[in-house]
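Below: one structure, written as structure tokens.
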Amino acid sequence: MSEHVLVERSGPLQVIRLNRPEKKNAITRAMYLDMKAALEEGDADESVRCHVMLGSPGAFSAGNDLADFLAVATGGEGGQEVYDFLLTLASCRKPLVSGADGIAVGIGTTIHLHCDLTLATPRTVFSTPFVDLGLVPEAASSLLAPMVIGHQRAFALLALGEGLPAQEAKAMGLIHGVVEPAELEGEVFGLADRLAAKPPEALRIARDLIRGPREHVLARIREEAVHFMERLKSEEARSAFMAFMSRK
Ligand SMILES: C/C=C/C(=O)SCCNC(=O)CCNC(=O)[C@H](O)C(C)(C)COP(=O)(O)OP(=O)(O)OC[C@H]1O[C@@H](n2cnc3c(N)ncnc32)[C@H](O)[C@@H]1OP(=O)(O)O
């Protein structure tokens, strides 16, 4: 386990905390592996009733590490860890509650589409500049976002790259609530504890019914991944990553 993902237990909750604040919690290949392993271990552990996902004060996540993307764009290895993590996330068997404060870019936004309850703060802005990076949507966001907020709002988010402030995201039904930064973790743990206290089998069946079949979500992740991997190696993407890495 890298020091950039902290996995803790809090009673029946398993807490996965992104812990790379100096890089705004940009997610590296090692961090995807850690998050995947934690979700699998929590799912397999009968005493875990709910997963909690958190970032740092001011930054849930700046999305995929762009140095890692640049490495792939210039002929190196990578990409499989993201894909494997997303398939695990989308098939997770236990409820997921997340809290986002501040920066939530790329996968730092799309992770929450797989969470059952998400809280954010007034300073949180969700954004997915995929197209500006020469990329395409991932995490089945091209399917899930239009389902939740409608085509045009999803298009503005995923294709135009417009930031979506937390209050608007709540009004659209994309997240459950907005609380002050100082209250975020307490409120997230409060929701997760309420879920953990429910009869687990009834909650599991209810969650499966509410989320619906997973096949089409997994199929969309696969479909997006084909395009995403091609785009990662494109000149459009390479120049966008280089522009970020060489900015002053
Ligand atoms: C499958 C997944 C796909 C995706 O997730 S696609 C999305 C990829 N992410 C992005 O395009 C976001 C890139 N980052 C930014 O645009 C900005 O950052 C922010 C708006 C998120 C924050 O800006 P500010 O508050 O001014 O912070 P700062 O000075 O830019 O960042 C602090 C340190 O964090 C590093 N960093 C930020 N984001 C990333 C990243 N995504 N990959 C690698 N490093 C990142 C910076 O370089 C810098 O580092 P140093 O202090 O050493 O200069």
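Tell me, which residue of the stretch 34-54 that is in contact (Cβ under 8 Å) with a residue 40 or more places away in the chain and charged (D, E, K, R) is farthest from F85 (Cα to Cα)? Before you say what the answer is, go through the steps one by one.
Residues of the stretch 34-54 that are in contact (Cβ under 8 Å) with a residue 40 or more places away in the chain, as a first pass: 35-36, 39-40, 42-43, 48-54.
From what is left, the residues that are charged (D, E, K, R) are 36, 40, 43, 49.
Values: K36: 5, E40: 10, D43: 14, R49: 20 Å.
For the stretch 34-54, the residue satisfying everything is R49.
Quick one: in the stretch 39-58, which of the residues that are aliphatic (A, V, I, L, M) and more than 14 Å from G108 (Cα to Cα) is surrounded by the fewest Cβ atoms within 10 Å (Cβ to Cβ)?
So the residue we want is A44.
Just to confirm my filter: which helices (runs of 4 or more DSSP H) fall fully inside the stretch 157-248 and include at least 3 residues that are under 23 Å from S127 (Cβ atoms)?
166-171, 181-196, 215-232, 235-245
Quick one: S127 ticks every box in (1) among the polar types (S, T, N, Q); (2) within 14 Å of the chain's Cα centre (by Cα); (3) more than 10 Å from the ligand (Cβ to nearest atom) bar one, so which box is it?
The failed condition is (3).
Show the residue pairs that are 6+ apart or on different chains and have beta-carbon atoms under 6 Å apart, the first residue being within the stretch 58-71 and within 22 Å of S98 (Cβ to Cβ), the second being part of a strand (DSSP E or B) and more than 8 Å from the ligand (Cβ to nearest atom).
From the stretch 58-71, the pairs are F60/A100; F60/A104; S61/L18.
One residue is enough: does the stretch 26-38 have a residue meeting the conditions away from the ligand (no atom under 16 Å from the Cβ), at pLDDT 95 or above and surrounded by fewer than 18 Cβ atoms within 10 Å (Cβ to Cβ)?
yes
From the residues in the stretch 11-25 that are in a loop (DSSP other than H, G, I, E, B) and away from the ligand (no atom under 12 Å from the Cβ), which one is surrounded by the fewest Cβ atoms within 10 Å (Cβ to Cβ)? If you could, list the steps in order and put the result at the bottom.
Let us first name the residues in the stretch 11-25 that are in a loop (DSSP other than H, G, I, E, B), namely 11-12, 19-20, 24-25.
After this cut, where a residue has to be away from the ligand (no atom under 12 Å from the Cβ) as well, the list is 11-12, 19.
Numbers: G11: 14, P12: 18, N19: 16.
Across the stretch 11-25, the extreme among qualifying residues is G11.
Considering each residue of the stretch 135-159, count those that are surrounded by fewer than 18 Cβ atoms within 10 Å (Cβ to Cβ), within 22 Å of A62 (Cβ to Cβ) and touching a helix residue (DSSP H, G or I) at 6+ places or on another chain (Cβ under 8 Å), and give that number.
Qualifying residue count, the stretch 135-159: 1.
Can you name the residue in the stretch 146-203 that is of a type in the set (V, I, T) and within 27 Å of Q14 (Cβ to Cβ) and is also farthest from the chain's Cα centre (by Cα) among such residues? Outline the logic, then answer.
Filtering the stretch 146-203 for residues of a type in the set (V, I, T) gives 148-149, 175, 178-179, 188.
Now narrow it down to the ones that are within 27 Å of Q14 (Cβ to Cβ): 148, 175, 178-179, 188.
On the way: V148: 16, I175: 13, V178: 17, V179: 19, V188: 16 Å.
Applying the filter and picking the extreme gives V179.
Of the residues that make up the stretch 80-103, is at least one more than 28 Å from G177 (Cβ to Cβ), at pLDDT 95 or above and of a type in the set (G, A, S)?
Within the stretch 80-103, none of the residues are more than 28 Å from G177 (Cβ to Cβ), at pLDDT 95 or above and of a type in the set (G, A, S).
So, of the residues in the stretch 59-92 that are more than 11 Å from the ligand (Cβ to nearest atom) and crowded, with 22+ Cβ neighbours inside 10 Å, which turns out to be farthest from G106 (Cα to Cα)?
Looking at the filtered set, the residue picked out is A73.
Could you tell me which residue of the stretch 100-113 is nearest to the chain's Cα centre (by Cα), considering only residues that are more than 12 Å from the ligand (Cβ to nearest atom) and crowded, with 23+ Cβ neighbours inside 10 Å?
H112
The values are calculated or read from the model by the stated rules, or taken from the named source; none is laboratory data. Small disclaimer: the values here were computed from a predicted structure and weren't measured. A quick note on method: Cβ atoms are made from the backbone with ideal geometry, for glycine too, and the neighbour counts reach across all protein chains shown.
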